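Have a look at the structure below, then the notes.
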Amino acid sequence: MGFKKVSRRGFVGGTAALSSVMVAAPFVRGAHAAGKLSIGFWDHWVPGANKATQKLVQEWGEKEKVEVQIDYITSQGNKLLLTAAAEAQAKSGHDIMTLNTWLPARYADQLTPVNDIMEPLIKQNGKVNGTVEYLGNIGGKWLAVPATSGTQMKGPCSRLDYMKQYAGLDMREIYPAGAPPKADNWNLDTFLKAAEACHKGGHPFGIGLGTTSDNVDAIGTFFHAFGAELVNAKGDIVVKNDAVRQVLDYYKKLMHYLPDDVAAWDDASNNKFLVSGQGALILNPPSAWAVAKRDAPKVAEQCWTHPFPAGPKGRFGPFLPFFWGVWNFGKNQSAAKSLLTHLSQRSSAEQMVEASGGYDLPSFANFMDFKVWAEAEPPKGTLFSYPDPYHTQTLSIAAAPAPHKIAEQIYNQGTMTQMAVRYFKGEPMEKTLDWASNELEGFMRN
Amino acid sequence: MADIAAPTATAVAGDRRTGLHRLMQRKSTIAFLMALPLILLIGILVLYPACYAIWLAMLNKSMSKFVGLGNFQFLFKRDTFWDVVFQSCLFAITAVVFKAIIGFVVAHFVHNIPSKGQRKWRGMLLVPWVIPPAMSTLAWLWLFDPAYSAFNWILAHFGIGPVPWLGEAAWARFAVILVNIWAGAPFFMIMYLAALKSVPEQLYEAAAIDGAAWWQRIWYVTLPMMRNIIAITALFSLIVTFANFDIVRVLTNGGPLTATQLFGTWGFKLGIESGDIPLGSCVVLFMVPILAVAAAFILRDISRRGSEV
């Protein structure tokens, strides 16, 4: 993959000096900058999480004397996606728009480059991870600013009791709260054995194989762990390789221990599976735990979020970033950039993370030590490892490092999950690879 | 010259006024003017998007180059496209046939209920049709839900193992067709009921005098009298069912694999979700020739019967 691991200390040195530069050079309300600013924010799943962005924007607007209008747009029914598509077509809409995962690349020609704010922010806040760089920085141009709100990791959320009872694994010992992990043996073999044991115990792992985001993010991480690429960074179809065969074989074994209907799962299925008390492990941000905390406290008390098992090519974490982009047809671009700088400050990010109960994950390296993750309970420390404070895994996105327009198709059409289901259902390996190759050829279209 | 020209000009203006007056008095002009707001509305909301979709379908992926019919040629080579064609036809034809049969049977039952209680039954039977499909399909999703399926819970009481309603291709196809039939059959029922009420009672009396059995009355009286309404209802439903989006989107999202993708859902997946708007438009436009052929056959049949009458 070639993603660099996040270094949290790399840029601490220059932070203080740069902060003072940022403070000394505030947004100046020039003739073109004053006036109104409209923002399309993602409508957060977590109740009350929107209040943080609302408060931050309001205080910025009052300080800069800019009239700000916020629209919280849900991603239910793809409303966020449709709004972005409509605005890009009409070349009219919000000044700042929340763009999920692949959209900065999709609308590269219609976004104002934000290098002028991203470079100082990186110096100030630490590096961003490789996935954010891959999705947001194209051809040396930062097309959007990584948004704290909405960005998430879809690592394992295990049931402490089931994992101990059926698989003999004490996840709290492997990933202790407040101490470095002891995860040398937490690898894909252990994972498979645990899946088998929990399945036998009547509480299987809940990993979906539909074509929605949670399912694709999950399988994408397994592909990375095996070093399996469908299309390489140059855009060549390389699906017929041993790593892909290995991961499909692995998934075939794993699927025997998953519920029968995982091929029909959507993004809500795994949450429901955990909250219902049936599942021993799901791959999801802490939203399922948060729902359990409200609706099924006994389940929540047993949940423990932690990094992914390591594969032959390393330990990868399924990371799904959101971005804030500035349309190049926006009327108040300098004000938009000023606001994005404000939202990317440490205190702003911390407020967003706190309001989301730890769900949101900032992309800057120096922001991984907020106390909300250490303090979340029950059980105490349940989210300590969610931001991977010891940087044990490479944050990844399914279909990377393929060129964006191809990777987006692989991701959104669930090519990898479809391959796994086909092979599991008895299709010969080579036929599955031929099918995938044919699909990928179709994605090459310009 | 001026003396001569002046009255001529007045006369011409008068003629014009009279001509305009006559034009305005024509029934067809009044009808046109009254329909004009609707025509404009259709132009803005139907014609413009349709033409725009055709234009989009002829652009390349990044919408920067005109490629003519290139996208259509590309689709012909995709296996998934032919799967979608098959599934759309299977979905639409099966659903319409069952909706028509169920609608016909239920319309007869309702028709035979004494008129006092008929209104209540009509109202109740129309409920599935009047609920927004996205909402009612959510309820069906919970019934079929992998983790909480109410149907499986009931089956379990009879010792029948869990059915993967949405997890297996055949079951998933069955599920989306079933929900479509449930939502659409009341439309057929109400149309057929209206047609039944318009069949003259004397025809049934004459048939009864001739000793016709119940099925003969249906075959020789009811069906011939309802043929046009059956054809029009079937055509209308075929168009709507072919273009279905919400039921599949909510229930299966096109899965498992691509077993329940229809033109509408696959077009959305390609165009909006995957960022290939031209190819998405192209997929959706494939409905037009298929439906045009169906419409031509059905309408030709209706007009032939009309001329026979």
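The values are calculated or read from the model by the stated rules, or taken from the named source; none is laboratory data. If you're wondering where the values come from, they're calculated on a predicted model, not measured in any experiment. Please note: Cβ atoms are built from the backbone with ideal geometry, for glycine as well, and neighbour counts cover all protein chains shown. Keep in mind that these areas ignore ligands, DNA and RNA; they rest on the heavy atoms of the full protein, side chains included. Shrake-Rupley method; radii C 1.70, N 1.55, O 1.52, S 1.80 Å.
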Does residue A:78 meet the test of being within 14 Å of chain B (Cβ to nearest Cβ), without any contact (Cβ under 8 Å) to a residue 12 or more places away in the chain and in contact with a Phe, Trp or Tyr (Cβ under 9 Å, 6 or more places away or on another chain)?
-> yes
Could you tell me whether the stretch B:141-148 includes any residue that is under 24 Å from the mean Cα position of the chain (by Cα) and modelled with pLDDT of 90 or more?
-> yes
Where a residue in the stretch A:98-119 is in a helix (DSSP H, G or I) and its partner, wherever it lies, is open to solvent by 30 Å² or more (accessible area, probe 1.4 Å), with Cβ under 6 Å and at least six apart | A:105/A:138; A:105/A:404; A:108/A:138; A:110/A:328; A:117/A:337
Of all residues in the stretch A:138-150, how many are over 25 Å from residue A:57 (Cβ atoms) and either without any contact (Cβ under 8 Å) to a residue 60 or more places away in the chain or touching a strand residue (DSSP E or B) at 6+ places or on another chain (Cβ under 6 Å) (or both)?
-> 3
Run down B:27, B:61 and say which single residue is open to solvent by less than 40 Å² (accessible area, probe 1.4 Å) and at pLDDT below 90.
-> B:61
Give me a count of the residues in the stretch A:406-439 that are of a type in the set (Phe, Trp, Tyr) and closer than 21 Å to residue B:77 by Cβ.
-> 1
Restrict the check to the stretch A:188-208 and report whether at least one residue is in a loop (DSSP other than H, G, I, E, B), polar (S, T, N, Q) and either under 22 Å from residue A:387 (Cα atoms) or in contact (Cβ under 8 Å) with a residue 24 or more places away in the chain (or both).
-> no
Condition met for residue B:145 (assigned by TED's automatic domain parsing to the domain that holds residue B:302 and touching a Lys or Arg at 6+ places or on another chain (Cβ under 9 Å)) | yes
Selection status of residue A:119, of a type in the set (D, E, K, R) and either outside the structural domain of residue A:46 (by TED's automatic domain parsing) or closer than 23 Å to residue A:358 by Cβ (or both) | no
Picked from the stretch B:238-267 (must be among the hydrophobic types (A, V, I, L, M, F, W, C) and within 13 Å of the chain's Cα centre (by Cα)), the residue farthest from the other protein chains (Cβ to nearest Cβ) is B:238
When you scan the stretch B:260-272, how many residues do you find that are open to solvent by less than 20 Å² (accessible area, probe 1.4 Å) and under 24 Å from residue B:55 (Cβ atoms)?
-> 9
The residue that is farthest from residue A:160 (Cα to Cα), considering only those in the stretch A:213-242 that are away from chain B (no Cβ under 14 Å), among the small types (Gly, Ala, Ser) and open to solvent by 20 Å² or more (accessible area, probe 1.4 Å), is A:233
Scan the stretch A:127-135 and give yes if some residue there is touching a Cys at 6+ places or on another chain (Cβ under 7 Å) and open to solvent by less than 10 Å² (accessible area, probe 1.4 Å), otherwise no.
-> no
So residue A:169 clears everything in (1) under 25 Å from residue A:365 (Cα atoms); (2) out of contact with any Gly (no Cβ under 7 Å at 6 or more places or on another chain); (3) part of a loop (DSSP other than H, G, I, E, B) except one condition, right? Which one?
-> (1)
Selection count, the stretch A:98-116, where residues are of a type in the set (Val, Ile, Thr) and either at pLDDT below 95 or surrounded by fewer than 19 Cβ atoms within 10 Å (Cβ to Cβ) (or both) = 1
Scope the stretch B:66-93; condition within 11 Å of chain A (Cβ to nearest Cβ) and surrounded by 12 or more Cβ atoms within 10 Å (Cβ to Cβ); matching residues = B:67, B:70, B:71, B:74, B:75, B:78, B:79, B:80, B:81
Within the stretch A:243-275, which residues are touching a residue at least 40 places away in the same chain (Cβ under 8 Å), within 14 Å of another protein chain (Cβ to nearest Cβ) and not aliphatic (A, V, I, L, M)?
-> A:259, A:265, A:266, A:267, A:269, A:270, A:273
Taking the stretch A:185-212, which residues are within 14 Å of chain B (Cβ to nearest Cβ) and among the aliphatic types (A, V, I, L, M)?
-> A:207, A:209
Could you look through the stretch B:31-58, keep only residues that are over 25 Å from the mean Cα position of the chain (by Cα) and loosely packed, with under 12 Cβ neighbours inside 10 Å, and pick out the one that is farthest from residue A:89 (Cα to Cα)?
-> B:31
If you go through the stretch B:177-196 one residue at a time, do you hit one that is at pLDDT 90 or above, within 14 Å of chain A (Cβ to nearest Cβ) and within 21 Å of the chain's Cα centre (by Cα)?
-> no
Could you say which residue among B:238, B:291, B:257 is in the same structural domain as residue B:180 (by TED's automatic domain parsing), buried (at least 19 other Cβ atoms within 10 Å of the Cβ) and either assigned to a helix (DSSP H, G or I) or of a type in the set (Gly, Ala, Ser) (or both)?
-> B:238
What strands (runs of 3 or more DSSP E), lying completely within the stretch A:252-362, carry at least 1 residues that are open to solvent by 10 Å² or more (accessible area, probe 1.4 Å) and at negative phi?
-> A:314-326
